[in-house]
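Asks: Structure provided below as structure tokens; questions to follow.
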Amino acid sequence: MKNQSSQNYRVAILLATYNGGQFLVAQLESLESQAHQNWYLIVSDDGSTDNTLKILQDYQTRWPEGKLIIRSGPQQGYCKNFLSLACDESILADLYAFCDQDDVWLDTKLSVAIENTLQNQEDDLAYLYCGRTIYVDERLKKIGCSPLFAFPKTFRNALIQSVAGGNTMVFNQKTKELLEKVGVVDHPSHDWWLYQLVTGVGGLVFYDTIPQVLYRQHKNALVGGNTSFLAKLERVSMVFKGQFRKWSDQNVDILCMTKPHLNHGGKETLELFKRMRNAPLKDRFRLLEVAGLYRQTWRGTISLMLAALFKKI
């Protein structure tokens, strides 16, 4: 597989839209400018009432037949909209890429992800490429970059932290088949779920430190960057308000349902995580250590300790 030419690889780009007309044209133009042109775009629209569908239909007319496919989404939130695409057995390609409606891809986005996958994936393993992003404002002026995460990307990290946005993710056929087997789940976020699933089955995750996506920060964004002091404070506040524990409840329920697909290490870590969450205080930190759970920054580690102390994880 490593000897195959990257140009032969067809990529299915999975785009979920909902009232994204304000910025959608820039994203479509960035797809059109990709150095790697062997791709097609499947859009799942969740009931847009603005000009999103008109824009998509215009590009569908402009582009070659079959280059852009438009369909109706499940209208159950962005996570299920993305997963409805990723779990669809009728969508076939060599690689699959999530795409957000309000970002802009650098023209090397696909070619870099494909070359990386060709060099590093193993035929029998799920593989996920992801990475950092460049934060930009509404006019695409650079604000900064997403955090640089240096620790290993493992299930012990994925249980308690999402390290990369779905807008950076490209995955192989083994990952797609795994998603199809599990089906659409009720998870807090499709990108966090993919990170958990791939690492939980013993798959490989590559985190690219060189950004390939302009991640637009604007007031209507469902998910934004978290580098500002106020954003970090809000994250801490969410822990103490119980939001993180609710997410953990969802994660555990879904992962228990997915347990037959997890490898031995994933099953053991999941069981330790479950025990730790409900253990008496005297046992909680011991189980946290035994499970080997960790976050990617020292601030994150402190918040993890506090969450464990107050039973908010």
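The values are calculated or read from the model by the stated rules, or taken from the named source; none is laboratory data. These numbers were taken from a predicted model, which means no experiment stands behind them. Methodologically, a virtual Cβ is constructed for each residue, glycine included, from the backbone with ideal geometry; neighbour enumeration extends over all protein chains shown. In case anyone asks, the SASA skips ligands and DNA or RNA and just uses the protein heavy atoms, side chains included. Shrake-Rupley method; radii C 1.70, N 1.55, O 1.52, S 1.80 Å.
Asks: Taking square-rooted eigenvalues a ≥ b ≥ c of the alpha carbon gyration tensor, is region 1-127 rounded, prolate or oblate, where a/c under 1.5 means rounded and, failing that, a/b exceeding b/c means prolate?
Replies: prolate
Asks: Here's a follow-up. Quick check for you: with a 1.4 Å probe and neighbouring chains kept, what is the accessible area per residue of region 1-154, in Å²? The partial results should precede the final answer.
Replies: Working: 6990 Å² over 154 residues.
I get 45 Å² per residue for this part.
Asks: While we're on this one: Using alpha carbon centroids, what distance separates region 250-279 and region 100-130, in Å?
Replies: 28
Asks: Mind giving me the FRET efficiency for F151 and E271? R0 is 22 Å, r the Cβ-Cβ distance, nearest 0.05 is fine.
Replies: About 0.45, to the nearest 0.05.
Asks: Normalised by the residues of the chain, what does the relative contact order come to in percent, with Cα pairs under 8 Å and at least six apart? Display every interim value, and only then the final one.
Replies: Details: 551 pairs, mean separation 58.1, N = 313.
The normalised contact order for the chain reaches 19 percent.
Asks: Still on this model: If amide hydrogens are placed 1.01 Å from N in the peptide plane, which non-local residues have theirs closer than 5 Å to the one on V213?
Replies: For V213, the qualifying residues are L106, I134.
Asks: Three principal axis extents, largest first, for the C-alpha atoms of region 88-200, in Å?
Replies: Between the extreme Cα coordinates on each principal axis of region 88-200 lie 41, 30, 29 Å.
Asks: Report the charge-dipole magnitude of region 49-186 in Debye, nearest 20, computed about the Cα centre from +1 at each Lys and Arg Cβ and -1 at each Asp and Glu Cβ.
Replies: Using Cβ point charges on Lys, Arg, Asp and Glu, region 49-186 gives about 380 debye.
Asks: Once Kirkwood radius over Cα pairs in Å is worked out from the coordinates, which option in (i) 23.1; (ii) 20.1; (iii) 21.3 does it equal?
Replies: (ii)
Asks: Report the net charge of residues surrounding V112, where surrounding means a beta-carbon distance below 14 angstrom and charges are Lys +1, Arg +1, Asp -1, Glu -1.
Replies: Here the count lands on -1.
Asks: Oh, and also: Quick one: grab the alpha carbon gyration tensor of region 238-313, order the square roots of its eigenvalues as a ≥ b ≥ c, and give me rounded if a/c is under 1.5, else prolate or oblate depending on whether a/b is larger than b/c.
Replies: It comes out prolate by the Cα gyration axes.
Asks: Tell me, what HN-Hα J-couplings in whole Hz come from the Karplus equation 6.51 cos²θ - 1.76 cosθ + 1.60 at θ = phi - 60° for each residue of region 128-135, using x for Gly and Pro?
Replies: 10, 9, 8, x, 6, 10, 9, 6
Asks: I've got another one for you. How much of the DSSP bridge set in the chain is antiparallel, in percent, rounded to the nearest 5?
Replies: Here the antiparallel bridges make up roughly 30 percent for the chain.
Asks: How far is it, in nm, from the label point at A26 to the one at S72 when both lie 7 Å from their Cα along the line to the Cβ?
Replies: 3.2
Asks: Shifting gears a bit: Could you work out what % of the accessible surface of the chain is carbon and sulfur, using a 1.4 angstrom probe and leaving DNA, RNA and ligands out of the count?
Replies: 53
Asks: Ok, one more. Could you derive backbone 3J(HN,Hα) for region 39-52 from the dihedral phi with the Karplus parameters 6.51, -1.76 and 1.60 (θ = phi - 60°), listing whole Hz in sequence and x where the residue is Gly or Pro?
Replies: Whole-Hz 3J(HN,Hα) from phi for region 39-52: 9, 9, 10, 10, 10, 10, 9, 8, x, 4, 10, 9, 8, 4.
Asks: Let me ask something else about it. Step through the table entries K80/K267; K176/K267; K80/K109; K109/K267; K219/K259, compare each Cα-Cα distance with 29 Å, and write down the pairs that go over it.
Replies: Check vs 29 Å cut-off fails for K109/K267; K219/K259.
Asks: Right, here's the next one. Got a number for the accessible area of M257? Probe 1.4 Å, square angstrom, nearest 10.
Replies: 120
Asks: A further question follows. At what distance in nm do the modelled label points of Q243 and S33 sit from each other, each positioned 7 Å from its Cα along Cα→Cβ?
Replies: Once both label points are built, they end up 3.4 nm from each other.
Asks: Would you kindly derive the ³J(HN,Hα) couplings of region 106-112 from the backbone phi angles with the Karplus curve 6.51 cos²θ - 1.76 cosθ + 1.60 (θ = phi - 60°), listing them in order in whole Hz, with x for Gly and Pro?
Replies: My calculation for region 106-112 gives 5, 5, 9, 3, 6, 5, 5 Hz in order.
Asks: Given H placed on each backbone N at 1.01 Å, which residues far from A279 in sequence or on other chains put an amide H within less than 5 Å of it?
Replies: Distant-sequence amide H within range of A279: zero hits.
Asks: Next question, about the same structure. So what is the calculated 222 nm ellipticity per residue for the chain, using -39500 (n - 2.57) for each DSSP H run with n of 4 or more, over all residues, to the nearest 500 deg cm²/dmol?
Replies: Roughly -13000 deg cm²/dmol at 222 nm, from the helical runs in the chain.
Asks: On a straight-distance basis, which lysines could pair with K282 in a cross-link, Cα separation under 19 angstrom, same-chain partners fewer than 8 positions away excluded?
Replies: Of all the lysines, those that pass the test against K282 - Cα under 19 Å, at least 8 places apart if same chain - are K274, K311, K312.
Asks: Taking R0 as 22 Å, what's the FRET efficiency between Q173 and Q250 from their Cβ-Cβ distance, rounded to 0.05? Don't skip to the answer; put the middle values down first.
Replies: Numbers: r = 27 Å, r/R0 = 1.23.
Plugging the Cβ-Cβ distance into 1/(1 + (r/R0)^6) gives 0.20.
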